[in-house]
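Shown next, in structure tokens, is the structure this report addresses.
The values are calculated or read from the model by the stated rules, or taken from the named source; none is laboratory data. All values derive from a computational prediction rather than experimental measurement. Quick reminder, even Gly has a Cβ in these numbers, built from the backbone with ideal geometry, and neighbours come from all protein chains shown.
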Amino acid sequence: MDEKIVITVDGPAGSGKSTISRLLADHYAYTYLDTGALYRAMAFRLWDAGFKEVGPQALDLCRRMKLTLKRDNGSLRVWMDGEDLSDKIRTEEIGLYASRISAIPLVRQILLSVQREIGAGGGVVAEGRDMGTVVFPGAEVKFFLDASVEKRAERRYLELIGKGVPAKQKDVEEDLITRDRQDRERSVSPLLVPAKAVVIDTSEKTIPQVVDIMRGVIDKTLSLKGTG
């Protein structure tokens, strides 16, 4: 049986890592682990419960949350307390709140074991902010995708408009700058380039071009391990 590896894809919001990670997971028949969705699910539940700030009561709610991941055609649906939140957590508001709560040690501790359990045995493309640095530091292949904030804002704006969500590109860019600052400056698991990661600037590259570069790296690793 071919040995399956862990592939991590880190980077800031709008760098293309979600779309690209899904494509890689599909190509290699791996599970796509969207770790951002886990934080968004917790953020959604806290926000829905009226906690605009995270104090003792909010943390107590975090401890009592029942988070479940269910596989669906190679991807994972996020269920919280018996409710599928996968399609409810994609607003900009929840994204910003998720970035804030991700700096809380208890929240990261709760989700760390969930993520590592999914990655046990390999066969995972894990996408997030600290996949290659904290969650899977021993991953066989690590990537860090980046792009200019202007390009990332443009991509996110077009994505929102395409979904029929009213948006202004300037507002989207300001939100990204805020999220970047929160992610890079937090004391717990800040956004960093993982050791031995392949860094790719996607600003002027198409998705197929980036995927081709990444597949080249992955195929080489699989070949060296005798699993390609």
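Only one of Y28, Y39 is more than 15 Å from K142 (Cα to Cα) and within 10 Å of the chain's Cα centre (by Cα). Can you tell me which?
Values: Y28 fails: within 10 Å of the chain's Cα centre (by Cα).
From the options Y28, Y39, the qualifying one is Y39.
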Quick check on region 93-113. Is at least one of its residues farther than 20 Å from S189 by Cβ and surrounded by 15 or more Cβ atoms within 10 Å (Cβ to Cβ)?
no
Here the qualifying pairs (Cβ atoms under 6 Å; residues six or more apart or on different chains; first in region 119-132 and crowded, with 24+ Cβ neighbours inside 10 Å and part of a strand (DSSP E or B); second modelled with pLDDT under 90 and of a type in the set (D, E)) come out as E127/D34
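Kindly provide the set of residues from region 148-177 that are part of a loop (DSSP other than H, G, I, E, B) and buried (at least 16 other Cβ atoms within 10 Å of the Cβ), ordered by number. Walk me through how you get there before you give the answer.
Start the filter on region 148-177 by keeping residues that are part of a loop (DSSP other than H, G, I, E, B), which leaves 148, 163-168.
Listed by number, the list holds a single entry, A167.
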L145 touching a helix residue (DSSP H, G or I) at 6+ places or on another chain (Cβ under 6 Å) and at pLDDT 90 or above:
yes
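If you take the residues of region 178-194 that are among the hydrophobic types (A, V, I, L, M, F, W, C) and in contact with a helix residue (DSSP H, G or I) (Cβ under 8 Å, 6 or more places away or on another chain), which of them is surrounded by the fewest Cβ atoms within 10 Å (Cβ to Cβ)? Let's see the steps before the verdict.
Of the residues in region 178-194, the ones among the hydrophobic types (A, V, I, L, M, F, W, C) are 188, 191-193.
Retained after the next criterion (residues that are in contact with a helix residue (DSSP H, G or I) (Cβ under 8 Å, 6 or more places away or on another chain)): 188, 191-192.
Details: V188: 14, L191: 22, L192: 16.
Residue satisfying both the conditions and the ranking: V188.
Which residues, taken from region 1-20, are touching a strand residue (DSSP E or B) at 6+ places or on another chain (Cβ under 9 Å), farther than 15 Å from V199 by Cα and at pLDDT below 95? Full working, then the answer.
Taking region 1-20 and keeping what is touching a strand residue (DSSP E or B) at 6+ places or on another chain (Cβ under 9 Å), we get 4-12, 15-18, 20.
Keeping just the survivors that are farther than 15 Å from V199 by Cα gives 4-6, 18.
K4, S18, listed by residue number.
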Considering only residues that are over 13 Å from the mean Cα position of the chain (by Cα) and either within 15 Å of A98 (Cβ to Cβ) or outside any loop (DSSP other than H, G, I, E, B) (or both), which ones fall in region 180-189?
D180, R181, Q182, R184, E185, R186, V188, S189
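Quick check on my filter: what residues within region 196-212 are within 23 Å of E3 (Cα to Cα) and either within 20 Å of the chain's Cα centre (by Cα) or not in a helix (DSSP H, G or I) (or both)? Reasoning before the result, please.
Looking only at region 196-212, we keep the residues that are within 23 Å of E3 (Cα to Cα), and these are 196-198, 211-212.
Result: K196, A197, V198, V211.
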